[in-house]
1. When Lys and Arg each count +1 and Asp and Glu each count -1, what net charge do the other residues less than 15 Å away from residue 12, Cβ to Cβ, add up to?
2. How long is the gain from residue 107 to residue 30 if the chain were fully straight, where each residue apart is worth 0.36 nm and the alpha carbon distance is subtracted?
3. Taking amide H atoms as placed 1.01 Å from N in the peptide plane, list the residues 5 or more away in sequence, or in a different chain, whose amide H sits under 5 Å from that of residue 69.
4. Who wins for biggest fluctuation among 36, 54, 65 in a Gaussian network model of the chain, springs between alpha carbons below 10 Å?
5. Once fully extended, how much extra length lies between residue 81 and residue 65, figured as 0.36 nm per residue of separation less the alpha-carbon to alpha-carbon distance?
6. Quick one: angle between helix 99-109 and the longest Cα principal axis of the chain, in degrees between 0 and 90, rounded to 10, please.
7. Explain nothing, just the number: relative contact order of region 33-97, from Cα pairs under 8 Å at least 6 residues apart, as a whole percent.
8. Stretch residue 98-residue 7 to full length: gain in nm at 0.36 nm per residue minus the Cα-Cα span?
Amino acid sequence: MRKLAIQLIIVQGKFKCQSVDGGEFADHLIGLADKEPQGRAEDFGGPDVMTLREMAELKIKLNNEPNKVLSLSLTGKLYKSFSDGKNTNPARKMRKITFGEYLSEKIKRQ
(Lines give C-alpha, C1' and ligand atoms only; values in the text may rest on other atoms or scores of the structure.)
Protein backbone atom coordinates (compact mmCIF):
# COMPACT_ATOMS: atom_id res chain seq x y z
CA MET A 1 0.00 0.00 0.00
CA ARG A 2 1.31 3.42 -0.99
CA LYS A 3 1.23 6.18 1.60
CA LEU A 4 0.31 9.68 0.49
CA ALA A 5 2.48 12.47 1.77
CA ILE A 6 0.50 15.32 3.23
CA GLN A 7 1.86 18.80 2.78
CA LEU A 8 0.98 21.72 4.96
CA ILE A 9 0.36 24.86 2.91
CA ILE A 10 1.00 27.97 4.98
CA VAL A 11 -0.69 31.19 3.85
CA GLN A 12 -1.69 34.53 5.25
CA GLY A 13 -5.29 33.34 5.29
CA LYS A 14 -7.14 36.65 5.44
CA PHE A 15 -5.05 38.26 2.67
CA LYS A 16 -7.53 39.08 -0.14
CA CYS A 17 -6.86 38.76 -3.87
CA GLN A 18 -8.83 39.51 -7.01
CA SER A 19 -7.04 37.37 -9.54
CA VAL A 20 -7.43 38.03 -13.25
CA ASP A 21 -6.88 35.76 -16.21
CA GLY A 22 -3.72 36.74 -18.09
CA GLY A 23 -5.39 36.47 -21.50
CA GLU A 24 -8.35 38.59 -20.45
CA PHE A 25 -6.05 41.23 -18.98
CA ALA A 26 -3.93 41.24 -22.16
CA ASP A 27 -7.10 41.85 -24.21
CA HIS A 28 -7.94 44.73 -21.88
CA LEU A 29 -4.48 46.26 -22.33
CA ILE A 30 -4.70 45.93 -26.12
CA GLY A 31 -8.06 47.69 -25.99
CA LEU A 32 -6.48 50.54 -24.05
CA ALA A 33 -3.58 50.78 -26.51
CA ASP A 34 -6.05 51.12 -29.39
CA LYS A 35 -7.62 54.24 -27.80
CA GLU A 36 -6.46 57.80 -27.61
CA PRO A 37 -4.47 58.75 -24.49
CA GLN A 38 -6.90 59.04 -21.60
CA GLY A 39 -4.79 59.62 -18.51
CA ARG A 40 -5.33 57.13 -15.72
CA ALA A 41 -7.13 53.99 -16.88
CA GLU A 42 -9.96 52.54 -14.82
CA ASP A 43 -9.14 49.68 -12.45
CA PHE A 44 -9.38 46.14 -13.79
CA GLY A 45 -10.32 43.36 -11.39
CA GLY A 46 -11.15 39.71 -11.74
CA PRO A 47 -14.65 38.33 -11.20
CA ASP A 48 -14.00 37.03 -7.65
CA VAL A 49 -12.45 38.37 -4.49
CA MET A 50 -11.01 35.47 -2.49
CA THR A 51 -8.69 35.04 0.45
CA LEU A 52 -5.41 33.19 -0.01
CA ARG A 53 -6.83 30.48 2.25
CA GLU A 54 -9.88 30.07 -0.03
CA MET A 55 -7.62 29.90 -3.07
CA ALA A 56 -5.36 27.28 -1.48
CA GLU A 57 -8.34 25.19 -0.34
CA LEU A 58 -9.88 25.34 -3.82
CA LYS A 59 -6.59 24.15 -5.36
CA ILE A 60 -6.46 21.25 -2.91
CA LYS A 61 -10.08 20.32 -3.62
CA LEU A 62 -9.82 20.48 -7.42
CA ASN A 63 -6.55 18.49 -7.43
CA ASN A 64 -8.00 15.97 -4.99
CA GLU A 65 -4.98 16.44 -2.72
CA PRO A 66 -4.71 15.33 0.91
CA ASN A 67 -2.94 18.58 1.82
CA LYS A 68 -4.04 20.93 4.59
CA VAL A 69 -3.98 24.72 4.85
CA LEU A 70 -2.67 26.61 7.85
CA SER A 71 -3.59 30.29 8.07
CA LEU A 72 -1.25 32.72 9.74
CA SER A 73 -2.21 36.23 10.72
CA LEU A 74 0.40 38.92 10.56
CA THR A 75 0.54 42.32 12.15
CA GLY A 76 1.08 45.74 10.71
CA LYS A 77 -0.68 48.29 8.57
CA LEU A 78 0.22 46.68 5.25
CA TYR A 79 -1.13 43.27 6.22
CA LYS A 80 -4.30 44.89 7.60
CA SER A 81 -4.79 46.75 4.31
CA PHE A 82 -4.53 43.49 2.32
CA SER A 83 -6.79 41.69 4.80
CA ASP A 84 -9.34 44.49 4.46
CA GLY A 85 -9.21 44.08 0.68
CA LYS A 86 -7.75 47.53 -0.07
CA ASN A 87 -5.86 45.92 -2.98
CA THR A 88 -9.14 44.75 -4.57
CA ASN A 89 -11.96 46.55 -6.31
CA PRO A 90 -15.18 44.51 -6.12
CA ALA A 91 -17.02 47.31 -7.95
CA ARG A 92 -14.84 46.71 -11.04
CA LYS A 93 -15.23 42.97 -11.56
CA MET A 94 -14.21 42.59 -15.17
CA ARG A 95 -14.36 39.66 -17.56
CA LYS A 96 -15.49 36.17 -16.67
CA ILE A 97 -12.76 33.59 -15.96
CA THR A 98 -12.72 32.79 -12.25
CA PHE A 99 -9.78 31.39 -10.31
CA GLY A 100 -11.62 28.05 -10.07
CA GLU A 101 -12.14 27.91 -13.83
CA TYR A 102 -8.47 28.75 -14.39
CA LEU A 103 -7.41 25.90 -12.08
CA SER A 104 -9.83 23.44 -13.69
CA GLU A 105 -8.43 24.23 -17.14
CA LYS A 106 -4.86 23.89 -15.87
CA ILE A 107 -5.67 20.46 -14.40
CA LYS A 108 -7.22 19.30 -17.70
CA ARG A 109 -4.00 20.23 -19.57
CA GLN A 110 -1.76 18.20 -17.25
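1. Details: positive: 14, 16, 53, 77, 80, 86; negative: 54, 57, 84.
Result for the local shell: +3.
2. Details: separation 77, 0.36 × 77 = 27.72 nm, distance 2.80 nm.
Result: 24.9 nm gained on full extension.
3. When sequence neighbours closer than 5 places are left aside, the close amide H contacts are 9.
4. Result for the chain, Cα springs under 10 Å: 36 fluctuates most.
5. Values: separation 16, 0.36 × 16 = 5.76 nm, distance 3.11 nm.
Length gained, residue 81 through residue 65: 2.6 nm.
6. 70 degrees
7. Once divided by the residue count of region 33-97, the mean separation gives 57 percent.
8. On the way: separation 91, 0.36 × 91 = 32.76 nm, distance 2.52 nm.
So the extension gain works out to 30.2 nm.
The values are calculated or read from the model by the stated rules, or taken from the named source; none is laboratory data. Note that this is a predicted model, so its numbers are computed, not measured. We place every Cβ from the backbone using ideal geometry, glycine too, and count neighbours over all the protein chains shown. To get the accessible areas, we keep the full protein, side chains included, count just its heavy atoms, and leave off ligands, DNA and RNA. Shrake-Rupley method; radii C 1.70, N 1.55, O 1.52, S 1.80 Å.
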